[in-house]
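Note sheet for the following structure.
The values are calculated or read from the model by the stated rules, or taken from the named source; none is laboratory data. Just so it is clear, the model here is predicted, and its values are computed rather than measured. Cβ atoms come from the backbone with ideal geometry, glycine included; neighbour counts cover every protein chain shown.
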């Protein structure tokens, strides 16, 4: 017997039995379809214990690194603690360290959350109360920064925006849960060309990935496109320009909406025009849903492998 | 005589074919619109399932699974001409990969065997 813990409940897996079979036998309503390790409907995440490598067949390097596996082909020999893919696990306390403007409508929030493990570029759920939760990407680096850093656009009528702008002060306590998302450097080959495209605060995860890539000695070419509605929206541009001046393999390409700019400053059009050869590139796409979908499809059609495209699409809060 | 799946090269052959096949499908104006708005990652996993089945590989699909998976599309007008287009793209994909005609036909026959379930009739 091998023990699997699913949402706090212990389930015994009999010898030769799969985790999916054991869950279903125990009455867990686990989603599934092909039962052959192909369709990925049953995917779960192990937060403790290592799933057998065969049970991660067909998953991306990023998914494997995060502990994702397929219960329908998983015959574990050591105990596992597993969660549904959308379950964030435990919440951590996060104390506000600073809230500073990055430009007219984007602020940088730094919080200290002891013991919270993450990879730069992943996103977290930040909660300022039971009914006030939002997802934000992390621009910080766990080995360099003693805080989590988020870039947050302030919306005039947004509840979290107003809370951040009007109420929240250094020393106040929030909660974070996660992390989630596959926008991180791990799994990229150090000689692989990297294509990073972010729009608006989509720069936050891109910036996290870039910092991690450089820290880990990435040697391949890195091209970073940042799009904004106007040149005032191009925050962190001095840092990125300076970085691209001193690093031979980093190229920073800001794109702001401006009728005189090539392609009208559209970051997607600009990047697609310049990036004709993408089949070997590790690609990171972060921004609004339409932009991410459009870029993912276009880049896939011109030869990029979906395994090499990592993305986070921001959806507006309801 | 080894099985069709083994002759094609097993899971490695499915992995080699799946993105080529999906690109052809998305570039085919006759059927591309059925994939508007779908999540590409989960779709590629489904395409992999389909290819594994068509290659004669391990799968546990039932007719009911096929019916449920395509019901929404049948309601949107999925018909024989679209199934033909999918099988055509599958044939082109296999030929691009250098698969001999005998095996191409076997794969097409397997894909064709689920036509009635896919079309919910």
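With respect to being closer than 21 Å to residue A:239 by Cβ and touching a helix residue (DSSP H, G or I) at 6+ places or on another chain (Cβ under 8 Å), residue A:152 fits the description.
Would you confirm, using the coordinates I've provided, whether residue A:189 is assigned to a loop (DSSP other than H, G, I, E, B), under 19 Å from the mean Cα position of the chain (by Cα), in contact (Cβ under 8 Å) with a residue 24 or more places away in the chain and over 22 Å from residue A:287 (Cα atoms)? Yes; evaluated as a whole, the condition is true for this residue. Residues that are under 19 Å from residue A:153 (Cα atoms), free of Cβ contacts under 8 Å to residues at least 60 places away in the same chain and over 14 Å from the mean Cα position of the chain (by Cα) within region A:290-318 comprise A:290, A:316, A:318, listed in sequence order. Every test in (1) under 22 Å from residue A:72 (Cβ atoms); (2) more than 14 Å from every other protein chain (Cβ to nearest Cβ); (3) surrounded by 15 or more Cβ atoms within 10 Å (Cβ to Cβ) is passed by residue B:3 save one, and that test is (3). Just one of the listed residues (B:118, B:74, B:99, B:114) is more than 25 Å from residue A:32 (Cα to Cα) and in contact with a helix residue (DSSP H, G or I) (Cβ under 9 Å, 6 or more places away or on another chain), namely B:99.
Identification of helices (runs of 4 or more DSSP H) wholly contained in region A:237-318 with 1 or more residues that are crowded, with 16+ Cβ neighbours inside 10 Å and within 13 Å of chain B (Cβ to nearest Cβ) yields A:289-301. Screening residue A:107 against (1) in the same structural domain as residue A:147 (by TED's automatic domain parsing); (2) part of a loop (DSSP other than H, G, I, E, B); (3) crowded, with 18+ Cβ neighbours inside 10 Å leaves a single unmet condition, (2). Looking across A:126, A:195, one residue alone is part of a strand (DSSP E or B) and under 20 Å from residue A:217 (Cα atoms). It is A:195. Within region A:15-56, being touching a helix residue (DSSP H, G or I) at 6+ places or on another chain (Cβ under 7 Å) and over 22 Å from residue B:62 (Cα atoms) holds for A:44, A:54, A:55, A:56.
For region A:215-236, the set of residues classified as part of a helix (DSSP H, G or I) and touching a helix residue (DSSP H, G or I) at 6+ places or on another chain (Cβ under 8 Å) consists of A:233 only. Does residue B:23 count as touching a helix residue (DSSP H, G or I) at 6+ places or on another chain (Cβ under 8 Å) and part of a loop (DSSP other than H, G, I, E, B)? Judged against the criteria, residue B:23 is not a match.
Just to be sure I understand, how many residues within region A:25-52 are surrounded by fewer than 17 Cβ atoms within 10 Å (Cβ to Cβ) and within 14 Å of chain B (Cβ to nearest Cβ)? Going through region A:25-52 one residue at a time, the tally reaches 1. Residues in region B:8-24 that are away from chain A (no Cβ under 11 Å) and touching a residue at least 40 places away in the same chain (Cβ under 8 Å): B:8, B:10, B:13, B:16, B:17, B:21.
Here residue A:58 clears all of (1) more than 18 Å from residue A:187 (Cβ to Cβ); (2) in a loop (DSSP other than H, G, I, E, B); (3) within 11 Å of chain B (Cβ to nearest Cβ) except the condition numbered (1).
Of all residues in region A:100-114, those satisfying the criterion of being under 14 Å from residue A:162 (Cα atoms) and within 22 Å of the chain's Cα centre (by Cα) are A:106, A:107, A:109. Of the residues making up region A:156-180, those that are exposed (fewer than 15 other Cβ atoms within 10 Å of the Cβ), assigned to a loop (DSSP other than H, G, I, E, B) and at pLDDT 90 or above are A:169, A:170, A:171, A:172.
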